[in-house]
1. What residues qualify as long-range amide H neighbours of Leu68, i.e. H under 5 Å apart, gap of 5 or more or another chain, H built at 1.01 Å from N?
2. For a quick check: with amide H placed at 1.01 Å from N, whose amide H comes under 5 Å from His73's, ignoring anything fewer than 5 positions away on the same chain?
3. Which length gain, in nm to one decimal place, applies between Gln77 and Thr107 when the Cα-Cα distance is subtracted from 0.36 nm times their residue separation?
4. Fully extended, how many nm does the chain gain between Leu57 and Leu31 (0.36 nm per residue separation, minus their Cα-Cα distance)?
5. Ordered by residue, what ³J(HN,Hα) values in Hz, to whole numbers, does segment 53-66 give under the Karplus form 6.51 cos²θ - 1.76 cosθ + 1.60, where θ = phi - 60° and Gly and Pro are x?
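Taken together, the values in this text are just the output of simple stated rules run on the coordinates, not laboratory data. Keep in mind the model is a prediction, meaning the values are calculated, not measured.
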Amino acid sequence: QRLDGQWDTLANRFEEVDAALAFLDAVAGCLTLEQLDQNAGTGSVIYAKCLSKEEALVHPQVLANKMLTVVSHELGQLQLPRSSISFSKTPTKTHARQPAPTPGQHTLETIQAYNGLA
């Protein structure tokens, strides 16, 4: 089914978002993931497969763009996404990045600050 002009602009797609989503669901529902991967990027549709955490950590683009940084944690070395902003003359300080605190790690400091004892 060809829909000349019906959803050719962002405004048109927003105007009829429910119909557009229903159409995409109907078309995508007939294809396997392999067929979507092979064909979706060939037209004017922007498409990318959603990756699992495990797939993302080893994806060639993630590795080539050095999108992960390693931080020390009591559980060991953790890989975390680095800042996506990069300036040639002002490098991002990755050493300031910290993992989430462990349960109760800052409880005493928080209670003291709340009670004006800090």
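1. Arg82
2. It is Leu78, by chain and number.
3. Contour length minus Cα-Cα distance gives 8.4 nm.
4. That works out to 6.7 nm of additional length.
5. 4, 5, 5, 5, 5, 10, 5, x, 5, 4, 5, 5, 8, 6
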